[in-house]
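The values are calculated or read from the model by the stated rules, or taken from the named source; none is laboratory data. No experiment lies behind these values; they were computed from the predicted model shown. Because the Cβ atoms are built from the backbone with ideal geometry, glycine has one as well, and the counts that use them run over all protein chains shown.
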Amino acid sequence: MRFSICSIIYLLIALGFALTSNFAEAEEGSLNNFRYELLGNANAEIKVHTADDHYKNLTDHSTIYQAAMGLGYFFTNQWEPIFQLGLTDTTGANAGLTGDLWVGAIYNFGDDVTKAFFVGLKVGDEFITNSQSRSFQLLEYSLSVGKRISVAPGISWVPEIAYYHRDYGYESDANGYSYFDEISEFRVYPFQISILF
């Protein structure tokens, strides 16, 4: 079984949940009417890749479909640890299906979480892939800011913008070719819904 820095972080966060359970119970009287948040989003994008192979310029493109579902728990009105599962389906260059598990925390500004501004920090790790080549991920994290906009009791629209960074490696099963690379980009999530319960 492969252990990474993210696996260690998962264990530390789980230990933190156990150690702070008494704290959560003590704060229960000051919480809003919600204890959990189900957060889901979907996104699609087209990326154009250009590379120089020393003989000619190569251009390829990928169509990327992403979906994610997260579950948060309100320790207080402001602090909300969250677990999130994400799936990415890529066609074209680097085609394949990958899954990511994220853990992190959201800090909500104000006591009414149905319409609060928030900032978030998450770290993640890739756990499945069915692409033709084997990839291995070193680090993935996201810093985000967003706002819940109440559209119905317990339901909010949640536009969010995030700075995303990933270090990863790639190994081809066919010829053993490998490399390390990184991605740093801003991502916008306009289609995100929050269900509070």
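Let me spell it out: the conditions are (1) at pLDDT 80 or above; (2) at positive phi, and G120 meets all of them except one. Which number is the exception?
(2)
Among the residues of the range 72-94, is any loosely packed, with under 15 Cβ neighbours inside 10 Å, modelled with pLDDT of 90 or more and of a type in the set (V, I, T)?
No, the range 72-94 contains no residue that is loosely packed, with under 15 Cβ neighbours inside 10 Å, modelled with pLDDT of 90 or more and of a type in the set (V, I, T).
Pairs please, first residue from the range 27-44 and on the phi < 0 side of the Ramachandran plot, second anywhere and of a type outside the set (A, V, I, L, M, F, W, C) and at pLDDT below 70, Cβ atoms under 8 Å, 6+ apart in sequence or on different chains.
Taking only residues 6 or more apart or on different chains, not a single pair turns up.
Could you tell me which numbered condition N22 fails, if it satisfies all but one of (1) at pLDDT 55 or above; (2) polar (S, T, N, Q); (3) loosely packed, with under 14 Cβ neighbours inside 10 Å?
In the conditions (1) at pLDDT 55 or above; (2) polar (S, T, N, Q); (3) loosely packed, with under 14 Cβ neighbours inside 10 Å, N22 misses (1) alone.
List every residue pair whose Cβ atoms lie under 6 Å apart, where the two residues are 6 or more positions apart in sequence or sit on different chains, the first residue falls within the range 185-197 and is assigned to a loop (DSSP other than H, G, I, E, B), and the second residue, located anywhere, is surrounded by fewer than 18 Cβ atoms within 10 Å (Cβ to Cβ) and at pLDDT below 90.
Here the result reads F191/A42, each pair linking the range 185-197 to a residue that is surrounded by fewer than 18 Cβ atoms within 10 Å (Cβ to Cβ) and at pLDDT below 90.
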